[in-house]
1. Please enumerate the residues belonging to region 111-136 that are closer than 16 Å to ALA73 by Cβ and either in contact with a strand residue (DSSP E or B) (Cβ under 8 Å, 6 or more places away or on another chain) or of a type in the set (Ser, Thr, Tyr) (or both).
2. From (1) in contact with a helix residue (DSSP H, G or I) (Cβ under 6 Å, 6 or more places away or on another chain); (2) part of a helix (DSSP H, G or I); (3) modelled with pLDDT under 75; (4) not polar (S, T, N, Q), pick out the condition that doesn't hold for LEU172.
3. Would you confirm whether any residue within region 375-382 is modelled with pLDDT of 90 or more, surrounded by fewer than 18 Cβ atoms within 10 Å (Cβ to Cβ) and over 28 Å from SER179 (Cα atoms)?
4. For the subset of region 333-348 comprising residues that are among the hydrophobic types (A, V, I, L, M, F, W, C) and in contact (Cβ under 8 Å) with a residue 40 or more places away in the chain, which member is surrounded by the most Cβ atoms within 10 Å (Cβ to Cβ)?
5. Would you mind telling me which numbered condition in (1) touching a residue at least 24 places away in the same chain (Cβ under 8 Å); (2) surrounded by 14 or more Cβ atoms within 10 Å (Cβ to Cβ); (3) not assigned by TED's automatic domain parsing to the domain that holds THR212 SER31 fails?
6. Residue under question is VAL213, and the condition is that it be modelled with pLDDT under 85 and in the same structural domain as GLN290 (by TED's automatic domain parsing); does it hold?
7. Being farther than 30 Å from VAL287 by Cβ and aromatic (Phe, Trp, Tyr) is the requirement here; does TRP368 meet it?
Amino acid sequence: MTSLGTVRLIANREITTRLRSKAFRIATLVSVLILVGIAVATKLAGGGPSYQDVGLTPGTAPLTAALTSTAQAIHVDIHTRDVAEEAGRQQVADGKLDALLVGAPGSIRVVVKTTLGDDLRSVLQLVAQRAALDQQVTALGGDPAKVATAISAAAVTVTALEPPKKANSEQLAIGILTSILIYMALLLNGQAVAQGVVEEKTSRVVEILLGTVRPWQLMIGKVLGLGTVGLVQVSAIALSGVAAAVATGVLHLHSISTVSAIVWLIVWFLLGYAAYSLAFAAVASLVSRQEEVAAATTPVLMLLVVGYVIGISILPSNPGSPIAAVLSMIPIFAPTLMPVRLALGVVPAWQAVVSLAGMIVVIPVLLWVAARIYRNAVLRSGARVRLRDAWRSS
C-alpha cells in the first residue's frame with residue numbers, strides 16, 4: 001500500500017470511530033440547540049417592533065412634520081398616528097401607543113402608560129424647543145420658516161484623517177459567535193487528537209500499528225480523520241446557527257456577508273486545526289497515561305486561550321485595535337483572532353494575505369517538528385519523556 005493509501009486508511013478509521021461516538025453526536029446536537037436557542041432568545045428579548053408609535057391629537061397635529069424630521073435627524077424611528085384624545089388615551093393604556101401628544105404646539109403634554117423612553121424624550125424636547133423658538137421669532141416679526149431653513153443648512157464639516165473602523169451589531173454578533181466556534185472547535189478536536197494518541201499508547205495498540213505503518217503516517221492519518229469530522233461538526237453548527245438567526249429575523253445581513261463569514265470560519269478552522277492538532281499530537285506522545293494529558297497539553301492550550309481571550313475582550317469594543325491587528329498576523333494567534341476581525345469587516349486585504357501566508361509557511365514546519373517528536377516518543381512508555389530527549393533521539 002502506498003503512503004497516501006495508508007494515511008487514508010488510518011483517517012477513515014478515525015472518522016468512522018468518531019462518528020459512531022455517542023458523545024460526539026450529543027455534543028454536536030447540544031451545540032446546535034444552543035445556537036438555535038440563542039437566536040430564539042434574542043428574538044424574544046427584542047420584544048415588539050423597534051420603532052415607537054406616537055399619537056397626535058387634533059391640537060398637536062401641526063407638529064407631525066417637525067416631529068418626523070427631528071426624529072430622522074437624531075436617528076430615532078417613530079411612527080405617528082392621528083387620533084382623538086380619548087381614544088388615544090385608551091390606546092396608550094392598552095399598549096398600542098407609546099406616547100400621546102395633547103394640548104397645543106406651544107404647550108405640549110405627553111401621555112404615557114408608565115415612563116417616557118429617553119430617545120422619544122429627546123425628540124419631543126427638541127420639538128418643544130423648536131416650537132418655542134418659532135413663537136419668539138413670530139413675536140419679533142420674523143419668518144419661522146426662513147429661520148428653520150437657515151438652522152437646517154448650518155452644518156459642521158468633518159475631515160477624518162483615517163476612515164472609522166466600526167462594526168454594526170449584527171457583524172459584532174457574527175464575530176463573537178465565530179470566535180466561540182473557532183475556539184471550541186480547536187479545543188475539542190485538538191484535545192481529541194491528544195487523547196487518541198495517549199489512548200493508543202496506553203493500550204499498546206500503537207506498537208502493533210507501527211509494526212506495519214510509519215509513525216508519521218499514523219499521526220497524519222489521525223489528524224486528518226479527526227479534522228474531517230471536526231469540519232463536518234463546525235459546518236453543521238455554523239449553518240444551523242445562521243439558518244436559525246435568519247429564520248427568526250435576528251440577522252438581516254446581506255447574504256454575501258453571511259456566506260463570507262462562514263467561509264472564513266471554515267478556512268481558519270482548517271488552518272488552525274492543522275497547526276494546533278499537530279502540536280497536541282506531539283506533546284501528547286510524551287506521556288503514557290490519560291491523567292497526564294492535561295498537564296502535557298497545557299502550554300499549547302494556553303496559546304489557544306490567550307488568542308481567544310484577546311479577541312473576545314478587545315475586539316467587540318475596539319474592532320480596530322492595533323494590538324489585535326498585529327497579533328492576528330502572528331501564526332500562533334491568527335486562528336482565533338483573524339476570523340473574528342474578518343467577520344467584523346475591519347481587515348485590510350494585505351493583513352489577511354500576511355496572516356494566511358504565515359499559516360501556510362508554519363504548518364509544514366510544525367508537521368516536520370511534530371513528526372520527529374512523535375516518532376521518537378510514542379513508543380516510549382512509563383515516565384514522561386522530556387521534550388529535549390524526544391527531539392534528540394534518533
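The values are calculated or read from the model by the stated rules, or taken from the named source; none is laboratory data. In this text, all values refer to a predicted model and were calculated from it rather than measured experimentally. Every residue, glycine among them, receives a Cβ derived from its backbone with ideal geometry; neighbour counts consider all protein chains shown.
1. ASP119, LEU120, SER122, VAL123, LEU124, VAL127, ALA128, ALA131, listed by residue number.
2. Only one criterion in (1) in contact with a helix residue (DSSP H, G or I) (Cβ under 6 Å, 6 or more places away or on another chain); (2) part of a helix (DSSP H, G or I); (3) modelled with pLDDT under 75; (4) not polar (S, T, N, Q) is unmet by LEU172, namely (1).
3. no
4. Residues of region 333-348 among the hydrophobic types (A, V, I, L, M, F, W, C): 333-334, 337-338, 340, 342-344, 346-347.
Next cut, in contact (Cβ under 8 Å) with a residue 40 or more places away in the chain only: 334, 338, 340, 342-344, 346.
Details: ALA334: 25, MET338: 32, VAL340: 35, LEU342: 24, ALA343: 28, LEU344: 23, VAL346: 22.
Applying the filter and picking the extreme gives VAL340.
5. That leaves (3) as the condition not met.
6. Numbers: modelled with pLDDT under 85: no; in the same structural domain as GLN290 (by TED's automatic domain parsing): yes.
No, not satisfied.
7. Details: farther than 30 Å from VAL287 by Cβ: no; aromatic (Phe, Trp, Tyr): yes.
Criteria not met by TRP368.
For every residue, the table says whether it meets (1) closer than 25 Å to ALA295 by Cβ; (2) assigned by TED's automatic domain parsing to the domain that holds VAL223; (3) within 38 Å of the chain's Cα centre (by Cα); (4) in a helix (DSSP H, G or I).
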| position | (1), (2), (3), (4) |
| --- | --- |
| VAL354 | no, yes, yes, yes |
| GLY358 | no, yes, yes, yes |
| LEU366 | yes, yes, yes, yes |
| ALA370 | yes, yes, yes, yes |
| ASN376 | yes, yes, no, yes |
| LEU379 | yes, yes, no, no |
| GLY382 | yes, yes, no, no |
